[in-house]
Amino acid sequence: MNPQDSPIVLFKLLPQPKSLEDDSKESQVQSGRCQVVRCSSTRVQKAIEVLPLGGCTFECKIESPLGDFAPNLASNFDYSLVIRSNSIVLSAPEEWGALTGISTLQQLLLTSPQGTLRECEIKDSPTFPWRGLMIDVARNFIELSVLRETLDLMHYFKLNVLHLHLSDDQAFRFGSTRHPELASNSHYTKIELLELVKYAADRAIRIVPEIDMPGHTSSWFLKHPEWALGPFDATECEQFGPHQACLDPSNSELMNVVFDVLAEVVETFYDEFIHLGGDEVDFTWWNESRKVQEWARDLSITEPQELLTAFLQPVFEWLHEKGRTPIVWDDSLHESLPSNVVVQAWRGRAARDQSVGLGYRTLVSAPYYLDLNYPADLHYRYRPDIGSKEWADTDALKLQAPSFHYVQENIAHFEESATFLPLVNRKNGDILGGEACMWSELVNSELIHKRVWTRMPVIAEQFWSAKEVSVMGIADVYERLTVHLKALKQIGFPDLLSMQDVHPCQELEPLFEMLEPVKWYTRHLTLEGIHSRNSKEPASDVPRPYNVLTKLNRVVDRLPVESLATRRCLKDLQEQHDLSNWISGWRKQYNVFEQMVSQYPDLEELQEVSNALAMLADIAENRAKFSDHLTQPFGEYTLPIAHAFRTRI
């Protein structure tokens, strides 16, 4: 059988299930509710009643008794689903698996012809217990309604951990009642967060909170400048990028506040895990503080990384006394880091391998940074447990990609410059799974779904299924991704692939659909900034163009990260199809561009790239010669289809 004709492929589920048998029949379904014959779970019954399954009977068999308020790391998400003759039987060891089976049933409904449901038998289970998404709500506040929509989408794609990055240099979003002055103007109350935890649990999702410390804490000093060990200006909280601010481990009053805040976090979030950050600590304040250095000498501490562990150690012990397990970013790896801490690896393959080699339970995030504007297929090539050689080979493939040419040196330098202490390996730790990260410098409540969900579903498949990747598999996952993003409109989500919300000027859609935002941290640092890093000039000499006050309302903010139109055009090129429709659109946008700019002056920044696309139309018809400048960034925009014409020369 052709792999493309297998039942699993034909059903277009995302993630794909472990096993599927197709009966090659269809049940007819109607609007309205199904008849629930048996179901001991109120959550499952509530979920099934919103699906249009009129004319069907539904039976849910859960082996274990109900009782847990929320899932945990050890929860069982296995399920089986049998659909035959307008009868649906869902079986699972635990309620969480049954809820997961509901997501599969919803996908089958949304991707089948209206009024039908394909008869089949599915047996499914996840590869990894931790299938997460981190949302940074500190740099830009994300509305609760959007977080609830995020949880709905996570359930649909079988993710089970929402990691909320609640504090950073820019803001403190946890509404402490013991220390209310710490909370930023836009924050979540404890009641709101408790309700969110319940909303998540109803979808078989855990919420893990993060209060970042001791670095990334400038926001703590807004109302308590007396805690600062060095110079502090309140306007620093408006800026992105590195900050010197860090908490003082020798200040007993401040450390009491730390424990007060964490006590409230523990009261609010039911999950076993509490994230403490521990990343990117600038040791300047500690090194220059006589008080901190005396405190360190009393503890026989001689180096900064050991001082970081000394700050975190009492917090670890306090959390363990409360029955909680701390998580830290891999910057905190040290020989004195307790073995019962979970490490989240974000600084590349070396971080994952060192964490696992030292015996730590490890979360893998390095290949899944959604804020870097990488395409879906690149994320898809990495499994959390990918072998070290395969990871290195995939990294090399990324650096060779034509669309990354202007940041290749920066990416290589960034990944090579991560420093790790020479620690002796112990018994290997477990890879718990993966967690994609959406840092929010350049997203807000309006933009975050387009930035996350045009790629997150394919990552979710690797967290659930850990699939081997092939050329055919990549083409298939893009097809399934497109099917589901379009299907989600049926349940009230916007069309994340549409160009209509990019800009009111629809006449320039042939231009918009061919554009992508620049990759890596180019938008954060500017082209000049990344070039200065390559030339070893101080990066600080080039100001960052964005801060918390920047309005995210340009075309580059609303563009999808990846131009799927470019993929379609590239396919036409490779298969030598007629390009006349593409060429016509490219010329049309050029011909009306000046008129459109007179109506929409904000579009003027696209003048150069509009000209470039028109030039590609001429090149496609052999009326002009290719120029390398077409493959370069045009400010914050790129024209990825240009690389295809370059290879035709």
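None of the figures in this text is laboratory data; all of them are computed from the coordinates on show. Treat the numbers as computed from the prediction; the structure is a model and nothing was measured. Glycine gets a Cβ as well: all are built from the backbone with ideal geometry, and neighbour counts include every protein chain shown.
Can you put Trp520, Trp220, Trp346, Trp318 in order, fewest other beta carbons within 10 Å first?
So the ranking, lowest neighbour count to highest, is Trp318, Trp520, Trp346, Trp220.
Please list the equivalent ellipsoid semi-axes of segment 248-341, computed as the square roots of five times the alpha-carbon gyration tensor eigenvalues, in descending order and whole angstrom.
One finds semi-axes of 24, 15, 11 Å for segment 248-341.
Taking just the alpha carbons, could you work out the radius of gyration and Dmax for segment 260-399, both in angstroms?
According to the Cα coordinates of segment 260-399, Rg and Dmax are 17.5, 52 Å.
Divide, for segment 589-641, the radius of gyration over alpha carbons by 2.2 N^0.38 Å, where N is the residue count.
1.18
For segment 494-501, what does the Karplus curve 6.51 cos²θ - 1.76 cosθ + 1.60, with θ = phi - 60°, yield as ³J(HN,Hα) per residue in whole Hz, taken in order and with x for Gly and Pro?
x, 6, 6, 9, 6, 8, 5, 9
I want the antiparallel fraction of DSSP beta bridges within segment 130-466, as a percent rounded to 5.
Percentage antiparallel, nearest 5: 5.
How big is segment 3-124 along each principal axis, measuring the range of its Cα positions in Å and listing the largest first?
40, 34, 18
Write down Rg/Rh for segment 130-466, rounded to two decimals, with Rg from the C-alpha atoms and Rh from the Kirkwood relation over Cα pairs.
Value, to two decimals: 0.94.
Show me the ranking of peptides 601-609, 392-400 by mean Cβ neighbours inside 10 Å, starting with the highest.
Details: 601-609: 16.1, 392-400: 14.4.
The packing order, highest mean first, is 601-609, 392-400.
Can you bin segment 145-200 into rounded, prolate or oblate? Criterion: square roots of the alpha carbon gyration tensor eigenvalues sorted a ≥ b ≥ c, rounded for a/c under 1.5, prolate for a/b above b/c, oblate for the rest.
Note, shape of segment 145-200 comes out prolate.
What is the packing order of peptides 56-69, 232-245, taking the mean over residues of other C-beta atoms within 10 Å and listing the highest first?
232-245, 56-69
Mind running the shape call on segment 419-549? Use the C-alpha gyration tensor, a ≥ b ≥ c as the square roots of the eigenvalues: rounded below 1.5 for a/c, prolate if a/b tops b/c, oblate otherwise.
Numbers: a/c = 2.09, a/b = 1.09, b/c = 1.92.
Judged from the Cα gyration tensor, segment 419-549 comes out oblate (a/c at least 1.5, b/c at or above a/b).
Give me the tail of P(r) for segment 159-270 as a percent: Cα-Cα pairs with distance above 16 Å.
59
Once every Cα of segment 186-235 carries one equal point scatterer and solvent is ignored, give the base-10 log of I(q)/I(0) from the Debye formula at q = 0.22, 0.23, 0.26, 0.27 Å⁻¹, two decimals.
-0.85, -0.88, -0.99, -1.03
Which percent, to the nearest 5, of DSSP beta bridges fully inside the chain are antiparallel?
35
Taking the convex hull of the alpha carbon atoms in segment 411-495, what volume per residue do you get, in Å³?
Once divided by residue count, the hull of segment 411-495 is 178 Å³.
Kindly identify segment 506-646 as rounded, prolate or oblate by the Cα gyration tensor criterion: order the square roots of the eigenvalues as a ≥ b ≥ c, call it rounded if a/c is under 1.5, otherwise compare a/b with b/c, prolate if a/b is larger, else oblate.
Prolate.
Using Cα centres only, tell me the gap between segment 273-330 and segment 55-132 in whole Å.
Computed from Cα coordinates, the inter-centre distance equals 43 Å.
Among (i) 50, 32, 21; (ii) 91, 49, 32; (iii) 39, 36, 23, which one is semi-axes √(5λ) of the Cα gyration tensor in Å computed from these coordinates?
Given (i) 50, 32, 21; (ii) 91, 49, 32; (iii) 39, 36, 23, the structure-derived one carries the label (iii).
Going by how many other Cβ atoms sit within 10 Å of their own, how do Ile142, Ile474 line up, fewest first?
So the residues, fewest neighbours to most, are Ile474, Ile142.
Tell me the relative contact order for segment 179-261 as a rounded percent, counting alpha carbon contacts under 8 Å between residues six or more apart.
Answer for segment 179-261 is 29 percent.
Of Lys450/Lys486; Lys46/Lys450; Lys450/Lys489; Lys223/Lys291, which ones are farther than 18 Å apart at the Cα?
Lys46/Lys450; Lys223/Lys291
Output the peptides 429-442, 625-638 sorted from most to least packed, where packing is the average of other Cβ atoms within 10 Å over each peptide's residues.
Listed from highest to lowest mean packing, they are 429-442, 625-638.
Considering amide H positions built from the backbone, and no H for Pro or chain starts, which residues 5 or more places from Lys25, or on another chain, come under 5 Å of its amide H?
Excluding prolines and chain starts, which carry no amide H, the hits are Glu119.
Tell me which residues come under 5 Å, amide H to amide H, from Tyr369 once H is placed; ignore anything under 5 positions away on its chain.
Here the answer is Cys437, since their amide H atoms fall under 5 Å of that of Tyr369.
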